[in-house]
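Input: a single structure, listed below in structure tokens.
Read-outs throughout are calculated quantities, based only on the coordinates presented, and are distinct from any laboratory measurement. Remember, it's a predicted structure, so these values are computed and weren't measured experimentally. Please note: Cβ atoms are built from the backbone with ideal geometry, for glycine as well, and neighbour counts cover all protein chains shown.
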Amino acid sequence: MVQENGVPVGMKHCPAEFKADAVALYRSRPGATIRSVARDLGVNTETLRHWIRAADGRRPGAHSSPAAAAPAGGDAVQAELAAARKRIRELEEEHDILRRAARYSATETRW
């Protein structure tokens, strides 16, 4: 497969599971850009952007952002614990997605 900057290009079809995993990976990385996640997964930036919009039920080119829910008030320790648990879940999901992406990528390179 032809590579550009170490990233495979020219992949014409990705399974729906891979697309869903890519969107979930992007959403699990609060500071990440679409470009960086796309580069990590070896897909085109605009392709990933399209998958994200499709997952949101938006048309390409639509500009709306969902409102973020504020955490409920309460004990500071409980809030910190909840935040830590959420981060652990995000990291576990990211790890799982990257593992599946690596497995998928490995099967694509076998001729």
Residue by residue through region 94-101, the couplings from Karplus 6.51 cos²θ - 1.76 cosθ + 1.60 with θ = phi - 60°, in Hz, x for Gly and Pro, are 4, 4, 5, 5, 5, 5, 5, 5
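Summing +1 for each Lys or Arg and -1 for each Asp or Glu, what net charge is found among the other residues whose Cβ lies under 12 Å from the Cβ of Glu92? All intermediate terms of the calculation are to be shown ahead of the outcome.
Values: positive: Arg85, Lys86, Arg87, Arg89, Arg99; negative: Glu90, Glu93, Glu94, Asp96.
That works out to +1.
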Karplus ³J(HN,Hα) for region 24-36 (6.51 cos²θ - 1.76 cosθ + 1.60, θ = phi - 60°; Hz, whole; x = Gly/Pro) runs 5, 5, 4, 5, 7, 10, x, x, 7, 9, 4, 4, 5
Most packed first (mean Cβ within 10 Å per residue), the peptides 96-102, 30-36 order as 96-102, 30-36
Given 76-86, 18-28, the highest-first ranking by average Cβ count within 10 Å works out to 18-28, 76-86
